[in-house]
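The values are calculated or read from the model by the stated rules, or taken from the named source; none is laboratory data. Note that the structure is a prediction, hence the values are computed from the model and not measured. For neighbour counting, all protein chains shown are included, and Cβ atoms are generated from backbone atoms with ideal geometry for every residue, glycine included. Note: accessible area is taken over every heavy atom of the protein model, side chains too, but ligands, DNA and RNA are not part of it. Shrake-Rupley method; radii C 1.70, N 1.55, O 1.52, S 1.80 Å.
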Amino acid sequence: MMNPPSSSVPSGFWGNLSPDQEDRLQQLWTLLLHLAEASSLGALEQFVRVNSLEPVRSSLTSLSRPPSRRNSLFTRTDSALSKKKSNRASVPVSVYHTRLLETLRDVGLSAVQVRSVRRFLAQMAPEDVRFGILTAAKHEHPDVYLLRFLRVSEWDVNQALVHLLNAIVWRLKEMQVDNVLLPRGELYAAENEQDLTNPDKAGEARGFINQIRVGKGFVHGVDRMNRPIAIVRIRHHHPGEQTEQALNQFITHIVESARLLVSPPVETATVLFDMTGFSLANMEYAPVKFIIRCFEVYYPECLGVLLIHNAPRVFGGVWKIIRPWMDPRIVEKTHFTRSVADLEKFIHRDQIIAELGGNEDWEYEYTEPDPNENQAMNDNATRDSLLAERQSIGEEFLSATSRWVSAARGGNASEMEEATEQREEIVDQIRANYWDLDPYVRARNNLDRTGVIQEGGWIEMYPEPRIPLPAQIQTAKVLQVEQVRRAQVKLVNV
């Protein structure tokens, strides 16, 4: 069973699922486990039987899997990718995919959905499915990540599968969030913005980092529901000053930064578009479409509320163009505010920054990257050890999830309770491992430098101004924080 419903947790979110919603979650896990080759065909057979699809059981029984590849679920280097591609060419996956797609069609996927799955599978190996889900979830509960796609799909399991695979392909293959964007980070851009030998690379790096320097978008503080606030100052956007790629990377960077600040029971963030000083010269529709796509496709159900603040009259015509592009659920979350009193309905006045008329004496300042701030990323031995640990924990979680689904289908309450407890214990390990691994796979950003994101995954939304400490004292403080965090994780596991 899921955690008891809480009045602070909306229906359909983790911790407050109806029996039917929990069943849909288990159905989605069943399909994903099969796609990822993380369970036997028995789990999918059970799914088919429970959904009165007995005639397709014979196709499941005869569905032979290609040879298993035990590559790391969480590492992706150029050499590893090249090796995987060469290995995959010799594996007869076409027959496997054909039969799998036939089975998914029998389970209930429409012709359009099957074509979408076929397109996604053509770009991913089974381990990519595991890698995509467990990496995208980061420090969050993997169930929380899946539930986002179920809610946006109105609890249609088949459609949620399609949406989820689409987001994984974008994350892994298009934006390359976890193997390029986040590992490079702000320091890479700062180091390459003046590269005279490669003007294109320099231009893209400069376009990316300058948006952060000027504070076009940043994350600061929380609203009344303790959701982190991402503020976008539209007056700082000037079309043509950065490439579309640099702009999309910047937007993704801000979204990923906000995600790091979300912790249970909060699952969403507030986005505030400050339209002060806006003119049509600041308007560009391509990034608007990308932001909407992030809200609806790549990061569904991560938006808590969208505030459009102090919009001038000229924006009315723009809104008439933009609104039809948005899903009605996003429109419902959108509110226009004109004054600090309007904002105060969503954010405490003491937590509204002075620039917006509030009482918080805070201004955005960018701290330039330290050339040595990402030194941990050069420690390949520690990184690989933590990655191996994460791979092992991930496999345990997927196995435990398979047992959890089986226990639910069997209707054994005691087995279900035991399986649920085991999953939650493993999730605690996943969360702790992520923050151990984080310094070795993610470049530091302005939130790290200003003390919002602290060592060991501690989040301080309103940190005191930092006073530089001698290296020895700073090292001792880091070790102390890490010891406390590990002790707390150990108590939770006990």
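Output the strands (runs of 3 or more DSSP E) that fall wholly within segment 178-275 and possess 3 or more residues being β-branched (Val, Ile, Thr), or say none.
In segment 178-275, 228-233 are the strands (runs of 3 or more DSSP E) which contain 3 or more residues that are β-branched (Val, Ile, Thr).
Could you please give the count of residues in segment 337-384 that are closer than 30 Å to residue 440 by Cβ and either outside any helix (DSSP H, G or I) or open to solvent by less than 50 Å² (accessible area, probe 1.4 Å) (or both)?
Looking only at that region, the number is 15.
Picking from 395, 360, which residue would you name as being modelled with pLDDT of 95 or more and of a type outside the set (A, V, I, L, M)?
One residue alone meets the criteria, 360.
Inspect all residues belonging to segment 198-213 and state whether any of them is of a type outside the set (S, T, N, Q), open to solvent by less than 20 Å² (accessible area, probe 1.4 Å) and in contact (Cβ under 8 Å) with a residue 60 or more places away in the chain.
yes
Given the residues 154, 102, which is the only one that is over 21 Å from residue 249 (Cα atoms), surrounded by fewer than 17 Cβ atoms within 10 Å (Cβ to Cβ) and modelled with pLDDT of 85 or more?
The match here is 154.
Looking only at segment 19-29, count how many residues are within 13 Å of residue 151 (Cα to Cα) and of a type outside the set (D, E, K, R).
Within segment 19-29, residues that are within 13 Å of residue 151 (Cα to Cα) and of a type outside the set (D, E, K, R) number 3.
When you go through (1) in contact (Cβ under 8 Å) with a residue 40 or more places away in the chain; (2) open to solvent by 10 Å² or more (accessible area, probe 1.4 Å) one by one for residue 241, which number turns out not to apply?
(1)
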